[in-house]
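Take a look at the structure set out below.
What follows is calculated from the coordinates using simple rules that are stated; it is not laboratory data. Source: prediction; values computed, not measured. Glycine gets a Cβ as well: all are built from the backbone with ideal geometry, and neighbour counts include every protein chain shown.
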Amino acid sequence: FNDELQRSEKMEIISELAASVAHEVRNPLQVTRGFLQLLAEKQQSQDKVYLNMALEELDRASGIITDFLTFAKPEVAKFTSLNILDEFIHIEGILIPMANLQGGKISTEIPEHLYVRGNSSKFKQALINIIKNSIEALNGEGDIRIWAYAKQGNVYIHVRDSGEGMTPMEVSRLGEPYFSNKSKGTGLGLMVTFSIIEVMEGELTFVSEKGVGTEAIIRFPEDIE
Ligand code: ADP
Ligand code: MG
């Protein structure tokens, strides 16, 4: 019991620290990116290749922060009752501009009184990682439908995209660390997502067809107040 307590205290300290570091590190990364970009635009020589490699590595570093710590706050990860609609209002603030920029459409249908138990930052991180993959799978056109409902003591959230889809082999590898088919991917997004959903005693499944699209189905125990 003592060991367990110490372990969870350590985990808390680590996650608080990680959140602070993410906040502090993100700005200098962005500033560095801006300057390197300026330099890269001016160069014609071999140096341009090195500068572009440096830019790609910076993007990888930012990607890792995004996959783990988009909503992280330097505070203890509390479990509370989460209103799905409220959480989505914050999630949309990040994702709608991202979808607009990349040329996809997102629509949501979420009723007002759906509750699950969990940590708000972690919940948002899990959903962001799923929806961001959908945006990226669209490759510039198509749409994403998100809907949620309660059924038999559970809350279900569906995220369906008309993106590139996956083979059964790819679906079976989802959540595996470093599994990525993207040139700038981290392969860490869904690993994080699966672990957050597991801690919330929920379940994540994917149904996908290559060339047609993908649907993520998330189930959580309903929190009835
Ligand atoms: P990353 O996005 O950095 O590649 P993820 O863990 O988020 O890492 O996803 C792993 C891989 O799973 C992606 O590279 C992609 O090939 C596949 N994938 C995940 N979600 C989808 C989706 N909605 N449509 C198509 N492929 C997907
Ligand atoms: Mg991802």
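Odds and ends about this structure:
- In the calculated pair-distance distribution of region 157-225, the portion above 15 angstrom amounts to 59 percent of the Cα-Cα pairs.
- Inter-part distance where region 57-72 and region 78-152 are each reduced to a Cα centre, Å: 18
- Along each principal axis, taking the top coordinate minus the bottom one, the Cα set of region 38-108 gives 57, 33, 14 Å in descending order.
- Principal semi-axes of the equivalent ellipsoid, √(5λ) from the alpha carbon gyration tensor of the chain, are 31, 24, 16 Å from largest down.
- Rg/Rh ratio calculated on Cα atoms of region 1-75 (Kirkwood radius): 1.23
- Under-17-angstrom lysine pairs by C-alpha in the chain, whenever the two are 8 or more apart or on separate chains: 12
- At 1.002 mPa s and 20 °C, Stokes D of region 104-225 from Kirkwood alpha-carbon radius, µm² per second: 145
- Over the C-alpha trace of region 50-154, radius of gyration and Dmax come out as 15.8, 57 angstrom.
- Taking other C-beta atoms within 10 Å as the exposure proxy, 71, 123 rank 71, 123 from fewest upward.
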